[in-house]
Amino acid sequence: MTLNEKPLGHLLAGLLIGSALGTLAGILFAPKSGRELRSEIMAKRNALLKDAKDIYADAGEKASRIIEEAAHQTMALKEDAGRHFAETRQKTKEILFHGENKHADAGVAEK
C-alpha cells in the first residue's frame, strides 16, 4: 500500500461525515418548509446510501479478485516448492549413491 492510498474505512467515514456536514449546512443556511426539508434530507440520505452500497460492492469485488489471485499464487508456489523438493531429493539420492559406490570402490581397492 502506498502513502497515497487510504483504507476503504477512512473513505467511507469521510463520505459519511462530509454528507452529514453538508446536510447540516444546508439546513442552517437555506431554511425551507418542513416538507421540502424532509424531502431533501431523504434524497440526500438515499444518495448517500447508494454511494455507500457502490463502495461496498466495489470493495467486495476487489477483495474477491485479491483472494483469487492469492490462491493462484499460492498454488504456483506450492507446485514450485514440490518441484524443488523432488529435485533436491533426487540429487540427494544421486550423491548418496555415488558416495556408496566410491566407498565400495575404496574397499575393493584396499583388499
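Descriptive notes on the structure:
- Residue identified as in contact with a helix residue (DSSP H, G or I) (Cβ under 7 Å, 6 or more places away or on another chain) and modelled with pLDDT of 80 or more among Leu21, Leu37, Leu48, Leu8: Leu48
- Some residue of the stretch 37-45 being surrounded by 10 or more Cβ atoms within 10 Å (Cβ to Cβ) and within 33 Å of the chain's Cα centre (by Cα): yes
The values are calculated or read from the model by the stated rules, or taken from the named source; none is laboratory data. Since the model is a prediction, treat every value here as computed from it, not as a measurement. When we count neighbours, we look across all protein chains shown, and the Cβ atoms used for this are built from the backbone with ideal geometry, even at glycine.
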